[in-house]
């Protein structure tokens with residue numbers, strides 16, 4: 001990869017990479033650090049990386065860096081620790097985006113990551129499996145479980161709107 005191709009990658013993918021990480025870590029500064037670390041790692045491997053593989057390399061690296069940050073901080077508990085009463089949503093509210101973000105925040109980190117890679121970023125199951133080091137059937141199971149949780153959390157659309 002040349003310097004021009006590297007700069008083009010920064011221009012093309014920095015925003016989507018930042019959005020993906022920010023949705024997971026919910027901290028702007030940490031998200032910026034992770035994206036910066038990702039581009040630094042890409043720069044160190046610029047001679048070994050082909051331009052056509054750069055997007056996949058960056059999302060994989062960013063995902064793994066994010067996991068390292070989350071493990072280091074150990075902020076997030078498991079779904080088993082959350083009482084089911086706190087997980088249900090039954091008040092009427094019209095800001096679906098806010099409710100969806102709240103529901104995404106309640107998902108375990110792996111489920112949130114795979115559902116966001118699939119539904120927000122548009123990756124295929126195979127690409128998500130490569131990024132997360134899971135097999136394709138695990139990715140499908142995590143996406144199914146995340147969508148089921150989101151459906152149950154949000155409830156019917158009539159209650160929300």
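If you go through the range 111-122 and keep only what is free of Cβ contacts under 8 Å to residues at least 40 places away in the same chain and buried (at least 17 other Cβ atoms within 10 Å of the Cβ), you end up with 111, 114, 115, 118. Test residue 54 against the stated conditions and say whether it is within 18 Å of residue 127 (Cα to Cα), outside the structural domain of residue 130 (by TED's automatic domain parsing) and surrounded by 14 or more Cβ atoms within 10 Å (Cβ to Cβ). In short, yes. The residues of the range 131-142 that are in contact with a helix residue (DSSP H, G or I) (Cβ under 7 Å, 6 or more places away or on another chain) and buried (at least 16 other Cβ atoms within 10 Å of the Cβ), listed by number, are 131, 132, 139, 140, 142. What do you reckon, is residue 146 more than 20 Å from residue 19 (Cα to Cα), assigned to a helix (DSSP H, G or I) and either touching a helix residue (DSSP H, G or I) at 6+ places or on another chain (Cβ under 9 Å) or at pLDDT 90 or above (or both)? For residue 146, the condition - more than 20 Å from residue 19 (Cα to Cα), assigned to a helix (DSSP H, G or I) and either touching a helix residue (DSSP H, G or I) at 6+ places or on another chain (Cβ under 9 Å) or at pLDDT 90 or above (or both) - is not met.
The values are calculated or read from the model by the stated rules, or taken from the named source; none is laboratory data. Please read all numbers here as calculations on a predicted model, not as lab measurements. Glycine also receives a Cβ, built like all others from the backbone with ideal geometry; neighbour counts cover every protein chain displayed.
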